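Take a look at the structure below.
The values are calculated or read from the model by the stated rules, or taken from the named source; none is laboratory data. Note that the coordinates shown come from a computational prediction; the quantities given were computed from them, not determined experimentally. As a convention, Cβ positions derive from the backbone with ideal geometry for all residues, glycine included, and neighbour counts pool all protein chains shown.
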Amino acid sequence: MDINFPLVLVVLTFATGLIWLLDILVLRKRRNPRAESASEAAADDESEAGKEPYLVELSRSFFPVLAIVLVLRSFLVEPFQIPSGSMLPTLEVGDFILVNKFAYGLRLPVAGTKILSVDDPQRGDVMVFRYPDDGTTNYIKRVVGVPGDRIRYQDHELFVNGEKVEAQFVARMPPVELLREKLGDDEHMIYRTMGRSGNGGEGQWSVGEGQYFVMGDNRDNSNDSRYWGMVPDDMVVGKAFAIWMHWQSLTSLPSFDRVGSID
């Protein structure tokens with residue numbers, strides 16, 4: 001069973017903050033009736049009943065830390081780990097990335113409701129979003145189509161609004177070819193499987209208002225909008241902007257040779 005970490009974080013922050021506040025307003029005075037007079041005798045002769053309960057002490061210690069983590073993770077930057085090869089060669093399995101939560105506006109934690117608009121996803125952005133079919137699993141793909149666009153994918157070629165997206169051959173690395181794709185002002189690398197034929201996600205789509213069409217850079221090995229449709233705006237999480245560590249598995253050592261910005 002997947003753990004909803006944002007929900008757990010919100011609940012823990014609220015619970016510890018409530019306990020700490022309740023102690024300040026009510027419980028502390030009950031433990032020490034002489035606290036209001038602030039007498040020196042009460043400070044020097046503290047009874048067992050006046051001691052701070054363990055739960056209150058724990059809440060007082062953890063609430064500031066949890067609150068800071070909640071604010072940073074919900075509104076500024078959130079870390080993610082890449083679990084699959086759908087974004088190769090841009091992102092590898094085991095890459096730890098940072099996602100700018102502020103790039104597309106402020107959203108409430110857990111609910112995802114936008115409370116402040118900043119900017120909209122642009123073609124070429126590497127975007128993290130919640131999988132539309134379940135609303136909880138985080139996916140990462142590249143934005144190919146924005147509201148109003150017409151997308152066509154045929155014979156391994158991508159067309160946006162009737163214009164072919166240029167993809168320049170770079171190298172052959174069986175079983176894939178490496179190409180440099182220019183999507184608007186953005187340039188990035190993609191993989192295309194050599195000799196693959198048939199209906200590999202071919203079709204035509206129109207991107208509606210408040211929706212985005214996304215594809216993986218590993219074009220023939222990506223579960224994306226070609227198969228399950230558009231990403232609604234309320235499922236957007238943020239813009240991936242940097243790799244800060246690579247850690248393939250628990251049996252390997254972390255490395256930092258891939259640290260850098262995400263194209």
With (1) within 26 Å of the chain's Cα centre (by Cα); (2) under 21 Å from Glu92 (Cα atoms); (3) surrounded by 14 or more Cβ atoms within 10 Å (Cβ to Cβ) as the list, and Met230 as the residue in question, which single condition is left unmet? (2)
Would you say Gly201 is closer than 22 Å to Val165 by Cα, of a type outside the set (Asp, Glu), surrounded by fewer than 13 Cβ atoms within 10 Å (Cβ to Cβ) and assigned by TED's automatic domain parsing to the domain that holds Asp155? no
Report those strands (runs of 3 or more DSSP E) wholly inside the stretch 80-179 carrying at least 1 residues which are modelled with pLDDT of 95 or more and more than 17 Å from the chain's Cα centre (by Cα). 138-145, 150-154, 157-160, 167-173
Could you check the stretch 115-157 and list, in sequence order, the residues that are out of contact with any Pro (no Cβ under 6 Å at 6 or more places or on another chain), β-branched (Val, Ile, Thr) and either closer than 13 Å to Ser225 by Cβ or buried (at least 17 other Cβ atoms within 10 Å of the Cβ) (or both)? Val126, Val128, Ile140, Val144, Val146, Ile151
Return yes when Phe213 is in contact (Cβ under 8 Å) with a residue 24 or more places away in the chain, surrounded by 13 or more Cβ atoms within 10 Å (Cβ to Cβ), in contact with a helix residue (DSSP H, G or I) (Cβ under 7 Å, 6 or more places away or on another chain) and assigned by TED's automatic domain parsing to the domain that holds Ile115 and no when it is not. yes
Inside the stretch 137-160, can you point out the residues that are in contact with an Asp or Glu (Cβ under 9 Å, 6 or more places away or on another chain) and under 19 Å from Gly201 (Cβ atoms)? Tyr139, Lys141, Arg142, Val143, Val144, Arg152, Tyr153, Gln154, Asp155, His156, Leu158, Val160
